[in-house]
Every structure is written in C-alpha cells, then in structure tokens.
1. Go through the residues of region A:1-13 one by one and say whether even a single one is outside any loop (DSSP other than H, G, I, E, B), free of Cβ contacts under 8 Å to residues at least 24 places away in the same chain and surrounded by fewer than 20 Cβ atoms within 10 Å (Cβ to Cβ).
2. Out of A:Val83, A:Val63, which single residue is aliphatic (A, V, I, L, M) and touching a Cys at 6+ places or on another chain (Cβ under 6 Å)?
3. Yes or no: region B:36-50 includes at least one residue that is touching a residue at least 24 places away in the same chain (Cβ under 8 Å) and farther than 18 Å from A:Ala36 by Cβ.
4. Of (1) within 13 Å of another protein chain (Cβ to nearest Cβ); (2) within 19 Å of A:Val43 (Cβ to Cβ), B:Ala54 satisfies all except one. Which?
5. Any residue at all in region A:27-35 that is at the interface with chain B (Cβ under 10 Å from one of its Cβ atoms), within 10 Å of the chain's Cα centre (by Cα), at pLDDT 95 or above and at negative phi?
6. Would you point out which residue out of B:Ala67, B:Ala49 is of a type in the set (Gly, Ala, Ser) and under 10 Å from the mean Cα position of the chain (by Cα)?
There are 2 protein chains.
Amino acid sequence: MEIIKVSSKSAPHAVAGAIANTIRENQVAEIQSVGAGATNQAVKSIAIARGYLAPSGIDIVCVPGFASVELDGEQRTAIRLVVKAL
Amino acid sequence: MEIIKVSSKSAPHAVAGAIANTIRENQVAEIQSVGAGATNQAVKSIAIARGYLAPSGIDIVCVPGFASVELDGEQRTAIRLVVKAL
C-alpha cells in the first residue's frame, strides 16, 4: 500500500478523496506529514474524508505515530497517521 | 467531561499525560486545537499518550472533526480530536 504524503500546500479536499478511495479499496490508509503545516492539512483531510465515507456507512478512525524519514538528505521526524475503517 | 485545549506552545508530554489520565478515567478524551501549530502538538500528544497507555493494554484511536469556536471575540474553526480507548 502506498503512503499518502501530505505537505502544508496539499489541498485537504484532494487528500480526503485519496484517503476515501484507499479506504474503500483496502480498509486502511497511511498518511505521512513532516512539519506542523503538513500535519494540520493531514488531520483536516481525515475529518473531510469522514464526510465522504459516512454516506456509505463507513466510519474511520486514525492512529497517530512517529516515523523517521530522510528529506532533502536530512533526517526528520514525520507523523504517520494510520486511518482504518471500523 | 472537560475538553483538553492545546496551543502551539503546549508541551506534548504534559498533554499526553492529561490524555492518558482522562482515558483511564472515562475511556474517552476530547482535545481541541486552533491553528496548525496547535493541531500538530495535539497529534504528537496523542502519539505519545499511546506509549503511556500501551503498557496497561489500552490502545487508543482518534476521530478528527471540526468545531466552530470563539477566540478573542473572533469566530475560528477548531480541530476537535475525540480520543477513544479500544
């Protein structure tokens, strides 16, 4: 499964669509963000994705964790949000 | 139940402790943040709280949503993170 990478410039509605599609196909989606702006967009996207999936009777929850990633040759701490269908 | 209000200056370990205590008492906690920096601290706090609760066999998930709040006389959109014990 591909990780959905979110930046501070990502459009929450577009990311929400990607989350909803991945949930419909795999029942689980993984989202990664680096930095406060990106994490904020990721959380907003999950909230919006709930609205996309609710009419199909799908409710989602997320489990946040940390991950170490390399970005432009630098080691950074990313937030990983595992989204699961209930 | 009191809402745990998180700002961009909140210490994630302190917020994580408050989340863990609330979860132990009520099985559910509600966290509110306004702005990207605050939401980032809130998500980090939940990730840390997972580590505080895991040794007791408690796993938590979060459900993000939006809320309208008044801050300094201005209407702002807050992120509400409902944290639940599984």
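The values are calculated or read from the model by the stated rules, or taken from the named source; none is laboratory data. Keep in mind the model is a prediction, meaning the values are calculated, not measured. As a convention, Cβ positions derive from the backbone with ideal geometry for all residues, glycine included, and neighbour counts pool all protein chains shown.
1. Checked against the condition, which is being outside any loop (DSSP other than H, G, I, E, B), free of Cβ contacts under 8 Å to residues at least 24 places away in the same chain and surrounded by fewer than 20 Cβ atoms within 10 Å (Cβ to Cβ), region A:1-13 yields no hits at all.
2. Values: A:Val63 fails: touching a Cys at 6+ places or on another chain (Cβ under 6 Å).
Matching residue, one of A:Val83, A:Val63: A:Val83.
3. Yes, that holds for at least one residue.
4. Of (1) within 13 Å of another protein chain (Cβ to nearest Cβ); (2) within 19 Å of A:Val43 (Cβ to Cβ), only one is false for B:Ala54: (2).
5. To start, the set of residues in region A:27-35 that are at the interface with chain B (Cβ under 10 Å from one of its Cβ atoms) comprises A:33, A:35.
Now restrict to residues that are within 10 Å of the chain's Cα centre (by Cα): A:33.
Restricting the remaining residues to those that are at pLDDT 95 or above gives A:33.
If we keep only those that are at negative phi too, we end up with A:33.
Yes, region A:27-35 has at least one match.
6. On the way: B:Ala67 fails: under 10 Å from the mean Cα position of the chain (by Cα).
Result of the check over B:Ala67, B:Ala49: B:Ala49.
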